[in-house]
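The values are calculated or read from the model by the stated rules, or taken from the named source; none is laboratory data. It should be emphasised that the depicted structure is a prediction, and the values quoted were computed from it without experimental measurement. Using ideal geometry, Cβ is built from the backbone for each residue, glycine included, and neighbour counts are taken over all protein chains shown.
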Amino acid sequence: MLHKKLKPFPKDFLWGASTSAYQVEGANLSDGKGPSCQDVKEIPEGTSDLSVCVDHYHRYKEDIALMAEMGFKAYRFSIAWTRILPNGTGEINQQGIDFYNDLINECLKYNMEPIVTMFHFDMPDALDKQGSWSNRDSVDWFVNFAKIMFENYGDRVKYWLTINEQNMLTLVGPVIGTLRIPEGTTNILKETYQQNHHMLVAQSKAMQLCHEMLPNAKIGPAPNISLVYAATSKPEDVLAAQNCNAIRNWLYLDMAVYGKYNNLVWAYLEEHDACPEILDGDNEILEAGKPDFIGFNYYNTMTVGEADDSIVSDAGADQQSSNGVAGVYKGVANPNLGKTEFGWEIDPVGFRGTIREMYSRYRLPMLVTENGLGAYDKLTEDGKVHDQYRINYLREHIAQVQLAISDDCEMLGYCPWSAIDLISTHEGIRKRYGFIYVDRDEFDLGTLNRYRKDSFFWYKKVIETNGADL
Ligand code: BG6
């Protein structure tokens with residue numbers, strides 16, 4: 001099964017790349033935009049704030065022209081809720097509507113499919129002040145925002161993603177700057193999963209609404225999926241890996257696809273008196289919303305063993321690292337894998353394994369909505385960035401997508417992170433991912449000029465040959 005005849009990438013494969021509004025746009029309080037949780041959060045020491053980012057808001061035409069030069073068939077971006085609805089609900093900000101109209105039209109000018117993420121880590125601050133996702137009204141807040149997007153952009157946007165990395169919002173919200181827990185809460189785990197439940201109901205309603213309003217559009221979730229390996233063949237380690245897979249991955253996809261809580265997660269929540277309150281009718285809503293495809297972000301796998309007493313539940317964890325959950329699993333390093341400069345393990349083969357596992361569980365077409373290497377890039381005096389390490393990473397991962405296609409997994413496209421340099425969730429601009437370099441540092445805004453990295457030219461060739469020349 002390892003060496004086999006390769007199947008080609010499908011003819012209409014969506015080669016592209018991704019960004020998110022709060023990390024790329026800047027102009028964070030301009031032209032009527034309201035503050036989101038990202039604009040009011042405590043910025044991690046030594047890293048930039050989100051007021052300018054890479055100024056995509058003003059330079060999107062130049063940026064999309066560069067993406068078109070690479071031959072992008074798709075551009076995945078997110079719509080900032082607070083640009084459309086500065087207070088989260090109520091009055092619409094026409095300048096915000098116009099901005100995304102222009103952005104979408106600019107993509108279409110180059111035959112680039114706009115893939116819209118409806119929510120990427122940027123809850124309106126005004127809604128956080130009303131209890132955030134803890135408030136049951138959050139379901140209606142989100143559905144109202146979804147309706148406005150479908151009304152305004154549904155004539156041109158065919159691919160929609162609901163909530164970016166809902167699993168990370170739930171598991172590592174404090175690191176991303178998103179979790180708001182009402183004062184006086186005693187059982188934080190329960191409250192977090194109550195928020196998670198509201199997001200799941202909101203997502204399901206948004207998927208139903210999309211199908212009603214836009215029968216030709218496709219919509220799906222976009223969790224961060226990392227297949228979890230057992231540290232050894234010891235049966236207890238294998239059970240721990242099943243637990244971690246359920247908590248980290250399958251809860252979100254079981255819900256999106258089947259509308260049912262994963263039994264291992266439910267048992268875990270029961271044990272901690274942390275089951276969310278489920279209102280009459282919620283189960284029906286959850287079962288009625290069906291995705292057309294699965295969008296997912298993949299950076300690496302995880303490896304876990306049986307839990308022991310030493311675990312302080314997920315202290316210091318981020319999206320791709322976990323030291324474990326007391327009584328459930330213990331995160332360990334995988335000795336077979338190398339790491340990025342920022343300490344994330346690198347596992348291209350695990351990408352294929354993750355895709356295979358997802359397809360056998362859900363049987364839906366899949367779209368890679370993120371994958372990529374965060375690194376310290378250096379601009380040379382003659383305006384080049386020699387990021388061979390990124391080319392190697394992407395090449396190895398794309399090769400695994402092709403192997404997964406050859407395994408008969410249905411793949412719609414590949415949109416790595418990120419189209420252009422942008423601000424990382426918690427490690428600043430220094431952790432760069434883009435094909436396009438932006439001249440700025442953490443606190444010195446520089447010229448904000450754009451430069452094509454070596455990976456830019458390499459990816460152009462990959463797209464030109466539809467993945468035949470990696
Ligand atoms: C994902 C997010 O978790 O990974 C992105 O969807 C994020 O918003 C990306 O930027 C890379 O993570 P980081 O922490 O390196 O920015």
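Can you find, within the stretch 425-446, the residue that is farthest from the ligand (Cβ to nearest atom) among those that are part of a loop (DSSP other than H, G, I, E, B) and closer than 20 Å to Met67 by Cβ? Lay out the reasoning, then the answer.
Residues of the stretch 425-446 part of a loop (DSSP other than H, G, I, E, B): 425-431, 433-435, 439-446.
Narrowing further to those that are closer than 20 Å to Met67 by Cβ: 429, 433-435, 439-440.
Working: Ile429: 10, Tyr433: 7, Gly434: 11, Phe435: 15, Asp439: 19, Arg440: 16 Å.
Taking the candidates together, the pick is Asp439.
Being part of a loop (DSSP other than H, G, I, E, B) and touching an Asp or Glu at 6+ places or on another chain (Cβ under 9 Å) is the filter here, so list the residues in the stretch 447-468 that pass it.
Answer for the stretch 447-468, where residues must be part of a loop (DSSP other than H, G, I, E, B) and touching an Asp or Glu at 6+ places or on another chain (Cβ under 9 Å): Thr447, Leu448, Asn449, Lys453.
Among the candidates Ile176, Ile188, Ile219, which residue alone is away from the ligand (no atom under 16 Å from the Cβ), among the hydrophobic types (A, V, I, L, M, F, W, C), more than 20 Å from Asn334 (Cα to Cα) and under 15 Å from the mean Cα position of the chain (by Cα)?
Ile219
Counting just the residues of the stretch 20-46 that are buried (at least 17 other Cβ atoms within 10 Å of the Cβ) and farther than 22 Å from Ser132 by Cα, which one comes out farthest from the ligand (Cβ to nearest atom)?
Ala27
Do any residues in the stretch 330-351 that are free of Cβ contacts under 8 Å to residues at least 12 places away in the same chain have Cβ atoms under 6 Å from those of residues that are away from the ligand (no atom under 13 Å from the Cβ), where the two are at least six apart or on different chains, and which pairs are they?
Short answer, once both residue conditions are applied: Gly338/Ile346; Lys339/Glu345.
For the stretch 351-383: of the residues being within 16 Å of the ligand (Cβ to nearest atom) and not in a strand (DSSP E or B), which is nearest to Phe293 (Cα to Cα)?
Across the stretch 351-383, the extreme among qualifying residues is Thr354.
Could you tell me whether any residue of the stretch 274-285 is in a loop (DSSP other than H, G, I, E, B), hydrophobic (A, V, I, L, M, F, W, C) and in contact with a strand residue (DSSP E or B) (Cβ under 9 Å, 6 or more places away or on another chain)? Steps first, please.
First, the residues of the stretch 274-285 that are in a loop (DSSP other than H, G, I, E, B): 274-281.
Next, only the ones that are hydrophobic (A, V, I, L, M, F, W, C) stay: 274-275, 278-279.
Going one step further and asking which of them are in contact with a strand residue (DSSP E or B) (Cβ under 9 Å, 6 or more places away or on another chain), we end up with none.
No: the stretch 274-285 contains no residue that is in a loop (DSSP other than H, G, I, E, B), hydrophobic (A, V, I, L, M, F, W, C) and in contact with a strand residue (DSSP E or B) (Cβ under 9 Å, 6 or more places away or on another chain).
What are the residues in the stretch 415-446 that are among the hydroxyl-bearing types (Ser, Thr, Tyr) and touching a helix residue (DSSP H, G or I) at 6+ places or on another chain (Cβ under 6 Å), if any?
Within the stretch 415-446, the subset among the hydroxyl-bearing types (Ser, Thr, Tyr) is 418, 424-425, 433, 437.
Of everything in the stretch 415-446, just one residue is among the hydroxyl-bearing types (Ser, Thr, Tyr) and touching a helix residue (DSSP H, G or I) at 6+ places or on another chain (Cβ under 6 Å), namely Thr425.
Yes or no: Tyr268 modelled with pLDDT of 95 or more and assigned to a loop (DSSP other than H, G, I, E, B)?
Here the answer is no, as Tyr268 does not meet what is asked.
As an exercise: evaluate Asp49 against (1) away from the ligand (no atom under 16 Å from the Cβ); (2) free of Cβ contacts under 8 Å to residues at least 12 places away in the same chain and give the number of the one condition it does not meet.
With (1) away from the ligand (no atom under 16 Å from the Cβ); (2) free of Cβ contacts under 8 Å to residues at least 12 places away in the same chain applied to Asp49, the lone miss is (1).
Limited to the stretch 155-184, what total is found for residues that are farther than 27 Å from Asn371 by Cα and touching a residue at least 12 places away in the same chain (Cβ under 8 Å)?
Counting residues in the stretch 155-184 that are farther than 27 Å from Asn371 by Cα and touching a residue at least 12 places away in the same chain (Cβ under 8 Å) gives 3.
Determine which member of the set Leu85, Leu66 is closer than 23 Å to Asp128 by Cα and modelled with pLDDT of 95 or more.
Going through Leu85, Leu66 in turn, the sole match is Leu85.
Could you list, ordered by first residue, the pairs with Cβ atoms under 6 Å in which the first is in the stretch 306-326 and under 18 Å from Ile176 (Cβ atoms) and the second is modelled with pLDDT of 90 or more and part of a loop (DSSP other than H, G, I, E, B), at least 6 apart or interchain?
Correct list of pairs: Gln320/Tyr299; Gln320/Asn300; Gln320/Trp344.
Condition first: surrounded by fewer than 17 Cβ atoms within 10 Å (Cβ to Cβ) and without any contact (Cβ under 8 Å) to a residue 60 or more places away in the chain. Can you find one or more residues in the stretch 223-236 that meet it?
Yes.
Can you say whether Gly467 is more than 16 Å from the ligand (Cβ to nearest atom) and crowded, with 17+ Cβ neighbours inside 10 Å, as far as the supplied structure shows?
Yes, satisfied.
So, in the stretch 139-173, of the ones that are β-branched (Val, Ile, Thr), more than 15 Å from Ile219 (Cβ to Cβ) and under 19 Å from the mean Cα position of the chain (by Cα), which residue ends up nearest to the ligand (Cβ to nearest atom)?
Step one: list which residues in the stretch 139-173 are β-branched (Val, Ile, Thr), which gives 139, 143, 148, 157, 162-163, 170, 172.
Next, from what is left, pick out any that are more than 15 Å from Ile219 (Cβ to Cβ): 139, 148, 170, 172.
Pick out the ones that are also under 19 Å from the mean Cα position of the chain (by Cα) and you get 170, 172.
Details: Thr170: 13, Val172: 9 Å.
Selected residue: Val172.
Pairs, please: C-beta under 6 Å, at least 6 apart or cross-chain, first residue in contact (Cβ under 8 Å) with a residue 60 or more places away in the chain and closer than 10 Å to Tyr193 by Cα and in the stretch 261-279, second assigned to a helix (DSSP H, G or I) and among the aliphatic types (A, V, I, L, M)?
Cβ pairs passing all conditions: Ala274/Leu189; Cys275/Leu269.
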